[in-house]
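Okay, structure first, notes after.
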Ligand SMILES: *Cc1c(COP(=O)(O)O)cnc(C)c1O
């Protein structure tokens with residue numbers, strides 16, 4: 001099922017769009033199945049879970065941290081993480097830089113922009129992102145590389161609203177010389193791609209629904 005889902009999704013993606021397979025809460029066996037089908041980029045939202053999976057699985061997998069970050073846990077993934085999507089505090093950026101330096105690495109990061117109308121979604125305002133991208137303090141962080149932005153739209157079926165939210169981020173993204181725009185999940189990735197996404201984070205459409213009551 002997993003490999004079929006993957007093939008189906010991949011066949012619909014434009015070439016410039018990268019698929020992150022979101023494997024949070026799913027067992028190693030599911031990731032192995034996706035790996036056998038050729039998938040190499042996986043996303044997790046809990047650092048400990050990602051570390052355990054990294055240890056157990058082939059080392060040519062690219063691991064993306066897509067969840068909300070606690071600064072004090074950055075150190076556990078600094079030796080291997082490929083891209084951190086959800087940076088929403090300058091303090092976190094400094095901590096990533098510090099931990100990356102210890103491993104002689106440059107860690108790629110995306111700044112999370114708040115585009116949803118909901119209170120619960122994390123992220124910077126466009127103004128704050130503007131300040132971070134242009135500040136001297138950021139330029140001094142030599143072990144991080146801000147390669148783009150990440151956004152999560154409101155949880156709604158209203159396509160007009162989703163489109164507005166994606167387009168607002170795409171418009172802002174285009175003002176800066178950035179490579180990666182991470183937006184779109186199982187329910188809204190088609191719309192996200194139509195509105196400029198270059199990286200989608202898809203979980204349940206690949207692995208099936210998650211069971212959180214374990
Ligand atoms: C869980 C999660 C996803 C994937 O969600 P699906 O609806 O299962 O595709 C994408 N992005 C983030 C930040 C997530 O936490």
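A few comments on the model shown:
- Principal semi-axes in Å for the range 69-206 [√(5λ), Cα gyration tensor, largest first]: 26, 16, 13
- For the pair residue 46 and residue 91 in one chain, pulling the backbone fully straight at 0.36 nm per residue adds 14.3 nm over the alpha carbon distance.
- What the Cβ-Cβ distance of residue 57 and residue 101 gives, at R0 = 30 Å and to the nearest 0.05, is a FRET efficiency of 0.70.
- Antiparallel DSSP beta bridges within the range 69-206, percent to nearest 5: 0
- Shape annotation for the range 57-117: C-alpha extents along the principal axes are 39, 24, 17 Å, from largest to smallest.
- For the range 69-206: relative contact order, % (alpha-carbon pairs under 8 angstrom, 6 or more apart): 20
All of the numbers you see were taken from the coordinates with simple rules; none came from a lab. Computed from a prediction, not measured in an experiment: that's the story for all the values here. Methodologically, a virtual Cβ is constructed for each residue, glycine included, from the backbone with ideal geometry; neighbour enumeration extends over all protein chains shown.
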